[in-house]
Structures are given as structure tokens and as C-alpha cells.
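Visitor: The following block contains the structure, expressed as C-alpha cells.
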Amino acid sequence: MAASVTLTAGALALADVAGAPGVGDPYFPASGNGGYNALHYDVVLKYTPKTQTVAATVTMTARAGHPLRTFNLDFRGPRVTSVTVDGIRAAHTRDAGELVITPAVPLARGEEFTTVVSYTGTPTSIQHGTLGTYGWIKTREGAIVLAEPDGASTWLPVNDHPSDKATYDFTITVPKHLKALANGEPLAPSLEGNWATFRWRQPVAMASYLASVAIGKWEMTHGKVGDITVITAVDPKFKKSLTQVHRRTMRALRWGRTTFGPYPFRTSGAIVDDPRLDYALETQDRPIYGGFVPSEDFVVHELAHQWFGNSVTVRRWKDIWLNEGFATYAEWMYREHRSKKDSAAKTFRSYYRQPAKAPIFQTPPGAPGREQMFGFPVYVRGAMTLHVLRQRVGDAKFRTILKTWAAERQGGHGTTEQFVALSERVSGKKLDKLFQVWLYKKGKPKRGSW
Ligand code: TRP
Ligand code: ZN
């Protein structure tokens with residue numbers, strides 16, 4: 001930078017830009033990074049269960065949004081052994097969850113560049129009071145990744161924010177008695193000595209919190225729903241339930257396609273692993289169920305996320321009800337579809353009957369705050385919001401709203417404001433009060449107030 005005295009003041013300012021350490025999401029200020037957009041990640045990882053170590057090389061292809069002297073990746077993983085940018089060794093330092101990279105040659109605006117990070121050691125999960133255990137998680141035989149909301153950086157050097165989606169390739173090597181699953185479509189595996197290598201391709205842009213590997217001893221089955229390949233894998237402990245989980249997934253998928261419109265990906269399925277986490281994650285294509293055989297409700301919930309959350313993704317975490325409220329309402333709709341006696345209206349009433357002091361009414365789902373972002377109100381009161389919308393606009397318009405949301409924003413992003421605008425456009429009704437009361441007002445919405 002000392003050599004820049006000959007540049008004009010303006011050019012100096014531009015040549016000297018450091019990429020911001022976060023994208024400015026108030027819930028997760030350190031998540032994501034400024035100055036570039038990730039396009040693709042190529043993840044090559046070898047896992048040794050005995051020592052629980054990974055040896056990995058991750059190549060990120062990205063485009064600079066402005067000139068960059070330094071830029072960051074989010075990374076909380078083990079020891080970094082080398083970093084290159086466009087093939088040249090780059091200086092790097094670590095600062096909390098940030099990997100700060102200084103390329104030998106500053107990046108120009110609009111330039112596509114390639115960063116290769118190699119690292120080795122044992123990744124660890126994040127333990128958080130309200131958000132639970134997430135990130136890279138050790139299992140009896142291997143490991144799984146459940147990374148929502150900001151756990152991708154426990155195992156990947158990544159631009160870890162849902163506003164920056166990218167495609168992925170995975171090449172995972174494990175001892176040959178194990179198998180490695182990941183998002184997307186399987187490519188041919190290979191064997192070398194005592195090691196097996198599994199390849200997976202995610203050709204549809206994916207948020208980093210959905211990127212996942214699952215290493216274990218899998219009992220597997222395959223099937224087709226239309227041209228969607230359905231792959232179901234369970235830990236041997238759940239062997240007896242393999243067919244049941246697979247059938248539930250196929251049935252929910254068929255229903256999802258008619259209810260929400262075309263399935264946004266090419267593969268689907270389910271992974272049931274053994275650690276008793278008691279939660280599931282909608283990992284793109286194939287949800288992971290953490291230690292239990294999922295009920296119909298659970299399967300429908302995680303599959304609904306493929307449309308709502310995975311294909312149409314939040315731009316900021318505050319809008320998380322667009323994921324969880326929608327996936328919960330999908331459960332209510334599916335139950336109604338299976339038995340008219342179980343109508344969504346009945347489910348709504350059973351919750352609405354709860355007293356004003358009940359937990360579901362305490363947090364406004366449209367602005368839950370970081371600690372409550374996966375709280376009951378985001379799920380249940382979020383779903384109730386969709387039910388009052390349905391009551392106001394009628395069944396047909398409501399279904400058009402859901403399908404249009406999934407279709408118009410397929411593979412992209414959506415905000416609450418955009419959903420409200422779409423609902424008004426499709427229904428021709430003014431709905432600001434309804435959403436205001438149900439999403440943002442504290443306390444139990446009073447009948448007649450929306
Ligand atoms: N999105 C998950 C669901 O409701 C819940 C969840 C939140 C989660 N944070 C997580 C799951 C962390 C696994 C890890 O389907
Ligand atoms: Zn969910």
C-alpha cells in the first residue's frame with residue numbers, strides 16, 4: 001500500500017478496500033462477508049473416524065463486488081495449512097470465526113477468483129443455550145453436519161450467510177466399511193485400498209447452513225417420484241423403519257408437488273442417524289433426522305422446507321417465520337388432506353384457544369430476536385398467520401399465493417415484505433393490518449383486530 005502514492009486519491013481508496021467481516025445481519029453480525037459473492041464450493045474431505053480428524057481442501061469460486069485488498073471467509077474449523085488465491089499463496093490470519101485472507105495481488109471489481117483453503121484436525125460443534133447443538137457433530141460411527149443457522153463454518157471455510165447461495169461439489173473419502181452422503185445427486189463412488197470415495201453434486205444454489213455430509217454405516221433404499229430420485233438412508237439401529245421412512249417421504253413428496261408446485265430439486269429422500277439430538281434439519285434435497293424415526297408431520301415439515309427455505313431462502317434471519325411458519329402450516333394442510341376431520345381450522349382453533357399468557361403468543365414471529373428465532377411462536381404463530389391469511393383470501397387464492405411464491409422466487413430469496421406484497425397482489429385485498437397484528441404485535445391477537 002506504500003507504493004500507492006502515485007495513484008489518485010480515489011483510486012487509492014478503491015485499491016485499499018478490505019471486505020467487511022459480516023453482511024450486516026443484526027441477528028448474526030459476523031456471518032457472511034462483504035465484498036464478494038460465492039458461486040461454487042468444491043469440498044474435498046477425508047475423514048478418519050479413529051482420530052475423528054478431517055483433512056480437507058475447499059475451493060471457493062467467487063466474484064468480487066468491489067476491489068479487494070483483503071477479504072474474509074467464516075471459519076471456525078481446525079488448523080489451516082495453506083491458502084491460495086488464483087493459484088498464488090496468500091497470507092492469512094485467524095480472528096475468532098474469521099479467516100482473513102490477503103491475496104498476493106489485490107482483486108479487481110467484478111473479477112472471478114478462486115480461493116483454495118486446506119486444513120486438518122478435528123472440527124467441533126457449537127453448543128448454544130437456545131439454539132442447541134449444531135455444526136459438525138460426531139456420531140457413533142462417523143459424523144453428520146446440521147448447521148443452521150451459523151454452523152457451516154465449523155467444518156467449511158465459507159461465506160456463511162443465506163443471502164449468498166452457491167452450488168457445491170462434495171468428494172468425501174472414508175474407511176471402506178463406511179459410506180458418505182451429502183446434498184444432491186450421487187456420482188460414481190471409487191475404492192482405493194482401505195478407503196472409499198463418495199461424490200455428490202449439488203447443482204442448485206444452496207444456502208451454506210443446508211450443506212451437509214453424513215458419514216456412517218447406512219442401510220439404504222432408492223425410489224422415484226416422477227423424475228425425482230428418492231434416496232433414503234438409516235443408521236442400522238433403525239433398519240426396521242427404513243421402508244416406512246422411505247414411503248412417508250415419497251407420499252409427502254407427491255403431495256408437496258401438487259400443493260406447492262414443481263419440486264425445486266432433482267433428488268430427495270431422508271437420512272435417519274443415531275445421535276439423540278431430537279431435531280431434524282431440512283438439509284437440501286434430503287433432510288436429516290437426528291436420532292428418531294420421523295412421524296408423518298416431521299417428514300412433511302422437512303420436505304415443505306425444500307420449497308420454503310431451501311429454494312426460496314431468507315435474506316436475513318429475522319424472516320425465519322417464512323421457513324418455520326410455512327413448514328408448520330404444511331403439516332396442518334397435510335393432516336387436513338389425509339383426514340377432513342383434522343382440518344387446519346381445527347388445529348388453528350386449538351392453539352387460538354390458549355390463554356394470552358401462553359408461550360406461543362409471547363414473541364412476535366416476524367421479529368423474534370436471535371434467541372427466539374426457533375421458538376414455538378415462530379413455528380406455531382407463524383403457521384397461524386398463514387391460516388388467517390387463508391381465511392381472509394379463501395382457499396383458491398391462498399393456494400395460488402403459496403405456488404406463486406415458490407415459482408417466482410425459485411432458487412432465490414424472499415422477504416416478509418415481498419410475501420405481503422404478493423398476497424395483496426394475488427388477492428386484491430389490503431392485508432397490512434392482518435400481517436401487522438399476527439407477525440409484529442406483542443400478545444394474543446384479539447378477534448376482530450385483523
Ligand atoms: N430448521 C429446523 C426445523 O425446524 C430446526 C433447527 C434450527 C435446527 N436450528 C437447527 C436443526 C440446528 C438442526 C440444527 O426443521
Ligand atoms: Zn423447520
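The values are calculated or read from the model by the stated rules, or taken from the named source; none is laboratory data. Every value quoted in this text rests on a predicted model; they were computed, and no experiment measured them. Counting neighbours? That spans all protein chains shown, and the Cβs are built from the backbone with ideal geometry, glycine included. Just so you know, the surface numbers come from the protein's heavy atoms only, side chains and all, with ligands and any DNA or RNA stripped out. Shrake-Rupley method; radii C 1.70, N 1.55, O 1.52, S 1.80 Å.
Visitor: Mind listing whichever residues of region 226-241 are open to solvent by less than 20 Å² (accessible area, probe 1.4 Å) and assigned to a helix (DSSP H, G or I)?
Guide: Selection gives nothing.
Visitor: Give, as residue ranges, the strands (runs of 3 or more DSSP E) completely inside region 86-134 that count at least 2 residues that are away from ligand 1 (no atom under 16 Å from the Cβ) and not assigned by TED's automatic domain parsing to the domain that holds Trp317.
Guide: Answer list for region 86-134: 91-95, 98-102, 112-121.
Visitor: Here's another thing I want to ask about it. Which condition number in (1) closer than 24 Å to Leu277 by Cβ; (2) in contact (Cβ under 8 Å) with a residue 12 or more places away in the chain is the one that Glu98 fails?
Guide: Of the numbered conditions (1) closer than 24 Å to Leu277 by Cβ; (2) in contact (Cβ under 8 Å) with a residue 12 or more places away in the chain, the odd one out for Glu98 is (1).
Visitor: Could you check Gln362 against (1) more than 16 Å from ligand 2 (Cβ to nearest atom); (2) modelled with pLDDT of 95 or more and say which number it fails?
Guide: Of (1) more than 16 Å from ligand 2 (Cβ to nearest atom); (2) modelled with pLDDT of 95 or more, only one is false for Gln362: (2).
Visitor: Taking the options Pro189, Pro262, Pro203, name whichever one is open to solvent by 10 Å² or more (accessible area, probe 1.4 Å) and assigned to a loop (DSSP other than H, G, I, E, B).
Guide: Pro262
Visitor: Tell me, which helices (runs of 4 or more DSSP H) wholly within region 272-368 include 1 or more residues that are in contact with a His (Cβ under 9 Å, 6 or more places away or on another chain) and farther than 29 Å from Ala166 by Cα?
Guide: Of the helices (runs of 4 or more DSSP H) lying wholly inside region 272-368, those with at least 1 residues that are in contact with a His (Cβ under 9 Å, 6 or more places away or on another chain) and farther than 29 Å from Ala166 by Cα span 321-338, 344-352.
Visitor: Another one. Looking at region 16-43, which of its residues are open to solvent by 40 Å² or more (accessible area, probe 1.4 Å) and over 20 Å from the mean Cα position of the chain (by Cα)?
Guide: Answer for region 16-43, where residues must be open to solvent by 40 Å² or more (accessible area, probe 1.4 Å) and over 20 Å from the mean Cα position of the chain (by Cα): Asp16, Ala18, Ala20, Pro21.
Visitor: Kindly establish whether Pro377 is within 16 Å of ligand 1 (Cβ to nearest atom), of a type outside the set (Ser, Thr, Tyr), without any contact (Cβ under 8 Å) to a residue 24 or more places away in the chain and closer than 21 Å to Pro26 by Cβ.
Guide: yes
Visitor: How many of the residues in region 275-295 are away from ligand 2 (no atom under 12 Å from the Cβ), at negative phi, open to solvent by less than 20 Å² (accessible area, probe 1.4 Å) and of a type in the set (D, E, K, R)?
Guide: 1
Visitor: Oh, and also: Only one of (1) hydrophobic (A, V, I, L, M, F, W, C); (2) touching a residue at least 40 places away in the same chain (Cβ under 8 Å); (3) open to solvent by 20 Å² or more (accessible area, probe 1.4 Å) is not met by Phe298, so which one is it?
Guide: The number of the failed condition is (2).
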